[in-house]
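Step one of this worksheet: look at the structure below.
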Amino acid sequence: MTEPLSADAYRDLLSRALEGTVDADTRRPDSHSLYMPDLHRSALYVDSTVVEGGRGDGKTFWARSLLDPVLRAAAAAEYRINRLNKLRVWPGYGQDIRSDSYPGPLALPGLVDGGALPDEIWYTVLLTALGQPELCALPEWGDKLSWLRANPGPAERTIEEADARAFAEDVVHLLVFDGLEHLHPDQRVVDRLIAGLLGVAQRMRFGTRNIRFKVFLRPDMFEAAKQLFPDASKLSGNAAELTWSRTDLYGLLFHHLGNEGSADAERFRRITGGWESTRGPDGAPARHVPPIALRNDSKAQRELFEQIADPYMGSNVRQGRPYTWLPNHLMDSKERISPRSFLKALSEAAEVTRPGHDRALHHSAIHSGVRAASRVRVDQIGEDTPWVRTAIEPLSGCQVPITQGKILEIWQEHDLPSELRRDSARYTQHDRPELVATGPRHPDDLPRLIQELDDLGVIGRRDKHRDEYALLDLPDIYRLAYGLGRKGGISLTGRR
């Protein structure tokens, strides 16, 4: 009989298993970290062109998994999508530097500033993936674009012939696009480039049988592109979303605990039972798949989690149970939860809980975990959309809910439109492509700025009003790090 894990053993296992999970953009997926929620299955359908997801929802994880033949085969088996076994996958854009596949952050702004049209850029990327020999012989992207302009006929025939060969061979050419918020320092240019990309993707979707694009996008970026590309609605019908339910998040946690490489992870699998282990080409265990109950059954998940964490978020049940309390306090205003925030909160809680406590996670440490997740979330949205920090920081010290009129008054006192314009100029540095200013789209129209923050999930509306008396809220995942109070809510500071 396997002895249960002690609180200290669980705490050590949590610390090891969750180490580095917050750095998912730099930590490449592997067989052990490959967790497949049921809700993500449609994102891998070959004909789902657009996949929407927020920061930390798994866009880059799935983009890289599709490009990896081993992980793609594992997804094909677990999701039972046989077409994934019949793909030839190419990178169309991403965070990796791949000048042989697409123009990167140093080359792309120059192409745009030189007058290149979005369609031309993406057709050139497509022809490169299809191996057009004359175009591939040119190392510079400016020269590739010139070839395309001078040779429209050969370009079209290359696509037709590649499609026909792929159909005859029963394979599909799939181009994967990710990291599109880093396309260009100017958000308006980003919107045009994405609209052009979706236009080419749609032409391939409806004009060929065996050439497809897979475009990973934030929802606000997809909405902005729709304004420039009305036919995008044809792609909305089969768009997929990377959403995470509460059971998906706990399934992910237990997957990480069972796939950590220590003896405690092996004991965890024996205690919980029902795990299936797959083996790699060398015969070594590749990954351990949790049983269905630990992936989809909230009752089984709650019973297990309450062996790890305190049963209540205080002295009694009226203060909530950790299993439901934690996800509820990590949601943005659209009720989306990033798995990265969830795992960061648990990792911090394991670190903060003092040794000797009878559970691995003390309830007050879970409060600290939410504060830590908030700091990470604010840092991440600051990287993608730096203007959000500029807009929200003047509200520090306020209490939520807060009226729209009060927010507009504070912004006017700080002359926010001027500050946003200065920010935009500061971030638009072609020699610093990592500093990408993504918006806002209407810096001089403060009510529309609130709507943009609402679209991003940073601000939520408490009623249907749109005037100065409208009540607005900041969810805890943003409120805590930005320093806004809430009566009866999690305090801004706590013990570490």
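Brief remarks on what is shown
- Couplings 3J(HN,Hα) of the stretch 409-418, computed from phi: 4, 5, 5, 5, 4, 8, 6, 4, x, 5 Hz, in residue order, whole Hz [Karplus 6.51 cos²θ - 1.76 cosθ + 1.60, θ = phi - 60°; x for Gly and Pro].
- Set of aspartates and glutamates near K487 by C-alpha distance (under 20 Å), chain-local residues within fewer than 8 positions excluded: D332, E393, D463, D473, D476
- Amide H to amide H distances under 5 Å link A240 with V50, V51, E52, where only residues 5 or more positions off or on other chains count and H is placed in the peptide plane.
- Each of L18, T390, L5 was scored by the projection of its Cα onto the charge dipole of the chain, and the greatest displacement toward the positive side belongs to L5; charges sit on the C-beta of Lys, Arg, Asp and Glu.
- Listed residue pairs exceeding 28 Å between alpha carbons, taken from K59/K344; K226/K334; K234/K344; K214/K299: K234/K344; K214/K299
- Cα shape, the stretch 164-310, gyration tensor, a/c 1.5 rule: prolate
- Of all DSSP bridge pairs formed entirely within the chain, close to 30 percent run antiparallel.
- The dipole here belongs to the chain: it is taken about the Cα centre, uses +1 on the Cβ of Lys and Arg and -1 on the Cβ of Asp and Glu, and is about 1140 debye.
- Carbon plus sulfur fraction of accessible area for the chain, probe 1.4 Å, in percent: 49
- Residues with amide H under 5 Å from that of L87, placed H, sequence gap 5 or more: V172
- Couplings 3J(HN,Hα) for the stretch 256-272, derived from phi with the Karplus relation 6.51 cos²θ - 1.76 cosθ + 1.60 (θ = phi - 60°), are 5, 5, x, 9, 5, x, 9, 5, 5, 5, 5, 5, 4, 5, 5, 5, 7 Hz, where x marks Gly and Pro.
- Taking every protein chain into account, the accessible area of the stretch 1-152 amounts to 44 square angstrom per residue (probe 1.4 Å).
- An oblate overall shape is assigned to the chain, the ratio a/c of its alpha-carbon gyration tensor axes (a ≥ b ≥ c) being 1.5 or greater and a/b not exceeding b/c.
- Value of [θ]222 nm, deg cm²/dmol, for the chain, DSSP H segments ≥ 4, -39500 (n - 2.57) each, nearest 500: -15000 deg cm²/dmol
- With a 1.4 Å probe rolled over the protein heavy atoms of all chains, the accessible area of L492, L453 falls in the order L492, L453, largest first.
- Interchain or long-range residues, amide H under 5 Å from H465's placed H: L471
- Measuring nothing but how far apart in sequence close Cα pairs (under 8 Å, 6+ apart) lie, relative to its length, the stretch 193-238 scores a relative contact order of 47 percent.
- For the stretch 339-401 versus the stretch 68-130, the gap between their alpha-carbon centres in whole angstrom: 34
- A 1.4 Å probe run over the protein chains yields, for the stretch 154-196, 39 Å² of accessible area per residue, whole-number rounding.
- Note, ³J(HN,Hα) from phi for the stretch 150-158, Karplus 6.51, -1.76, 1.60, rounded to Hz, x at Gly and Pro: 7, 9, x, x, x, 5, 5, 5, 4
- Mean Cα-pair separation over length for the chain, i.e. relative contact order, pairs under 8 Å, 6 or more apart, %: 19
- Eligible aspartates and glutamates near K144 by straight Cα distance, threshold 20 Å, same-chain separation 8 or greater: D100, D113, D119, E120, E134, E156, E160, E161
- Taking a ≥ b ≥ c as the square roots of the eigenvalues of the Cα gyration tensor, an a/c ratio of 1.5 or more together with a/b no larger than b/c marks the stretch 75-167 as oblate.
The values are calculated or read from the model by the stated rules, or taken from the named source; none is laboratory data. This one's a predicted model, so the numbers in the text were calculated from it and none came from an experiment. With ideal geometry, Cβ positions are generated from the backbone for all residues, glycine too; neighbour counts draw on all protein chains shown. Side chains are part of the model used for accessible areas, which takes the heavy atoms of the whole protein and leaves out ligands, DNA and RNA. Shrake-Rupley method; radii C 1.70, N 1.55, O 1.52, S 1.80 Å.
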